[in-house]
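Engineer: Sharing a structure below in structure tokens format, with a few things to ask.
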Amino acid sequence: MKKYIYLCFAFLLAGQSFAQKRPKLVVGIVVDQMRYDYLYRFQNKYSNGGFKRLLNTGYSFEQCHINYMPTFTAPGHACIYTGTTPSINGIVANDWYERSINDTMYCVYDSNVTTIGSANKKAGKMSPNNLYTTTMTDELRMATNKQGKVISVCIKDRGSILPGGHHPNGAYWFDSDNGAFITSTYYTSSLPHWVTDFNNIHLPETLINKTWDTYFPIKTYTESTADDVVYEAPLSKKEEKPVFPHKLRLIRKDGYGTLLTTPYGNTLLKEFALQALKQEDLGKDSITDFLAISFSSTDYVGHHFGTFSIELEDTYIRLDRDIEEILNKLDAQVGKGNYLVFLTADHGAAHNVQYLKDRNMPAGLFNDSALKDTLKTYLGYMNNEYEKWDFFYDNQQIYLTINGNTLSKNAPLPPAMYPFMDRLLTMEGVDKVYTGSMMSEPYTSNAPGSLIQKGYRFERCGDIIINLKPGWMEMPRKTGTTHGSPYDYDTHIPFLLMGWGIKQGQSTENVNMIDIAPTISSLIKIPNPSGCVGKAVYR
Ligand SMILES: [Zn+2]
């Protein structure tokens, strides 16, 4: 009898551990500006332990898209973690014009807080206060009654703050003036010892003394254009040509900014993330923790050198090794099968305009100064002694002001603006023009209008929204590239799952970025974020 009771007890225990309802740790990896095709284009140079391990042992959604515009960093990170679009979570761009204060606003700016960890007071005036909804990290904190830890790390403030949500145990980003990881008084009154210790080893100083040469012999980079091409600009004014080897110490600008436009910015973040994993004891007990990691140097390198540069290819080859190291450390600390990893991107990128033109592809640079000059002329006609018309232009949106105040919601455009709207449509590269009042009409199902509506909130968006033709972009220079459009090259992102509860496989079903948060929430059995409109897609 006694033996039988012991046996029952043993079964009960086995049953319990078998039915463990959550992983010990969730690791979210966002790669800034990672196009879906980079998973495959550089595959013959990837290791077996990084991107290929995620693909070969995990599950890949091969058709994951962003379903709003603009496809920028802040809206991307917010959408991944909130499961909803800017129209609901409020993060409509990196910077916008906030109507209530008649002034510009940075997505994570907060005047009420300040820096913890460096003398740069501005770099820490940041918090998630502009984010209207909860994140999956917020929901995990509440679901575990604050026992599950959430740590978020990124070089960019917005890439750390938005994934971390409203109540993380820590959110850290890099102050490139001082070469230190910092946070703000929103989160804490002092840096944890391990962050101070990390800052004190001065890794950025070691990295900026490196010479960036290719990981493999340069002649093997057959997936990219030649090294010295007109699509690229030198890394700094002190560099003669945009070619390898890039001697960082010689071409360094003030501070550590130069480092970020090299793969070593990712290496720096990887080292910091590994310290967070170890020092915060993530995944050590049975209550689920969350480590949010966002790699930014892929975006800086992409903007500077473009999608077909050897520099970009080399950055992915090295990031692949950084990811391999992270996965190996997770195996050692948390154990294979005890953690869940997802990898995605905040947006993709277009190819360089001249690169496209040289291959007879439709593309062009939009002349925004011509647009602003034309608008100034038109508003000049409308000025009188009582009304002074002016405007603010950003993100291909025009915010009109009369005597410094923006227009009221749903007000149709004044008829005097109609000729200007007609003129806009004749400008080279313009696809369609929308008005703010059109944005509050019932949602259209047709792209790009549907994507623009889902990216629009009146209090933070313009009165006139311009959409450019595919391949057209607005950029300060001709070299490198950018993103932001509602087109496939900017919206198609990787979405990979691996580890706890995940079987190997892939799907070509159309899913959206808004589906990532409810998919993770459903896997780890927690509520969806408050504004979530996506669906769980892993079956
Ligand atoms: Zn970018």
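Only the coordinates and a few stated rules stand behind these numbers; no lab work does. Since the structure is predicted, the reported quantities are computational estimates derived from the model, not experimental observations. Don't worry about glycine lacking a Cβ; one is built from the backbone with ideal geometry, like all the others, and counts go over all protein chains shown.
Engineer: Under 18 Å Cα-Cα from residue 122, which aspartates and glutamates qualify once same-chain neighbours fewer than 8 residues away are excluded?
Structural biologist: 95, 103, 110, 157, 175, 177, 254
Engineer: Suppose every K and R has +1 on its Cβ and every D and E has -1 on its Cβ; what is the size of the dipole of the range 216-303 about the Cα centre, in Debye to the nearest 20?
Structural biologist: 440 debye
Engineer: Under unit Cβ charges (Lys, Arg +1; Asp, Glu -1), what dipole magnitude, rounded to 20 debye, does the chain have relative to its Cα centre?
Structural biologist: Approximately 1600 debye in magnitude.
Engineer: Now, a different point. By counting other Cβ atoms within 10 Å of each Cβ, how are 158, 252, 477, 99 ranked from fewest to most?
Structural biologist: Sorted ascending by nearby Cβ count, the order is 477, 252, 99, 158.
Engineer: Related question: Could you tell me how many cubic angstrom of Cα convex hull volume the range 186-241 has per residue?
Structural biologist: Working: hull volume 11.7 nm³, N = 56.
It is 208 Å³ per residue.
Engineer: Quote the Stokes-Einstein diffusion coefficient, in whole µm² s⁻¹, for the chain, based on the Kirkwood radius over alpha carbon pairs, a temperature of 37 °C and a viscosity of 0.692 mPa s.
Structural biologist: Estimated diffusion coefficient is 135 µm²/s.
Engineer: Moving on. Place a point 7 Å from the Cα of residue 43 along the Cα-to-Cβ direction; which residues of the range 60-88 have their backbone N under 16 Å from it?
Structural biologist: The answer is 60-64.
Engineer: Let me ask another. Keeping to pairs on different chains or 8 or more places apart, tell me how many lysine pairs in the range 214-292 have Cα atoms under 27 Å apart.
Structural biologist: So the count works out to 13.
Engineer: Compute the normalised compactness of the range 198-341: alpha-carbon radius of gyration over 2.2 N^0.38 Å, N being the residue count.
Structural biologist: 1.18
Engineer: Could you work out the relative contact order of the range 216-267? I mean the mean sequence separation of Cα pairs under 8 Å and 6+ apart, divided by the number of residues, in percent.
Structural biologist: Details: 33 pairs, mean separation 12.6, N = 52.
Computed value for the range 216-267: 24 percent relative contact order.
Engineer: Can you tell me the relative contact order of the range 476-539? Whole percent, Cα pairs under 8 Å, sequence separation 6 or more.
Structural biologist: The normalised contact order for the range 476-539 reaches 24 percent.
Engineer: Given the options 256, 520, 404, identify the residue whose Cα lies farthest towards the positive end of the charge dipole of the chain (+1 on Cβ of Lys, Arg; -1 on Cβ of Asp, Glu).
Structural biologist: 520
Engineer: Moving to a separate point now. Report, by chain and number, residues whose modeled amide H sits under 5 Å from the one on residue 472, excluding near sequence neighbours (fewer than 5 apart, same chain).
Structural biologist: Here the answer is 364, since their amide H atoms fall under 5 Å of that of residue 472.
Engineer: So for 34, 473, 427, fewest C-beta neighbours within 10 Å to most, what's the order?
Structural biologist: 427, 473, 34
Engineer: Here is a follow-up. May I ask which residue of 200, 211, 225 lies farthest towards the positive end of the charge dipole of the range 184-240, with charges of +1 (Lys, Arg) and -1 (Asp, Glu) on Cβ and the Cα centre as origin?
Structural biologist: Of the listed residues, the answer is 200.
Engineer: Sort 475, 142 so the one with the fewest other Cβ atoms within 10 Å of its own Cβ comes first.
Structural biologist: Sorted ascending by nearby Cβ count, the order is 142, 475.
Engineer: Please report Rg (one decimal) and Dmax (integer) in Å for the Cα set of the range 286-403.
Structural biologist: Calculated on Cα positions, Rg and Dmax stand at 23.8, 73 Å.
Engineer: Take every DSSP beta bridge with both residues inside the chain and express the antiparallel ones as a percent of the total, to the nearest 5.
Structural biologist: For the chain, the DSSP antiparallel bridge percentage is about 55.
Engineer: Further, regarding this structure: Under a point spin-label approximation (7 Å from Cα along Cα-to-Cβ), what is the residue 226-residue 422 distance to one decimal in nm?
Structural biologist: Inter-label distance under the simple model: 4.9 nm.
Engineer: Quick one: angle between helix 310-333 and the longest Cα principal axis of the chain, in degrees between 0 and 90, rounded to 10, please.
Structural biologist: Helix 310-333 sits roughly 30 degrees off the main axis of the chain.
Engineer: Now, a different point. Can you give the charge dipole size of the range 295-375 about its Cα centre, rounded to the nearest 20 debye, using +1 on the beta carbon of Lys and Arg and -1 on the beta carbon of Asp and Glu?
Structural biologist: 140 debye
Engineer: Can you pull out the trypsin sites (Lys or Arg not before Pro) in the range 337-394 whose DSSP state is coil and whose Cβ has at most 13 other Cβ atoms within 10 Å?
Structural biologist: 359, 388
Engineer: Could you tell me which of 130, 90, 163 has its Cα farthest along the dipole of the chain towards the positive end, charges placed at Cβ (Lys, Arg +1; Asp, Glu -1), taken about the Cα centre?
Structural biologist: Farthest towards the positive pole: 163.
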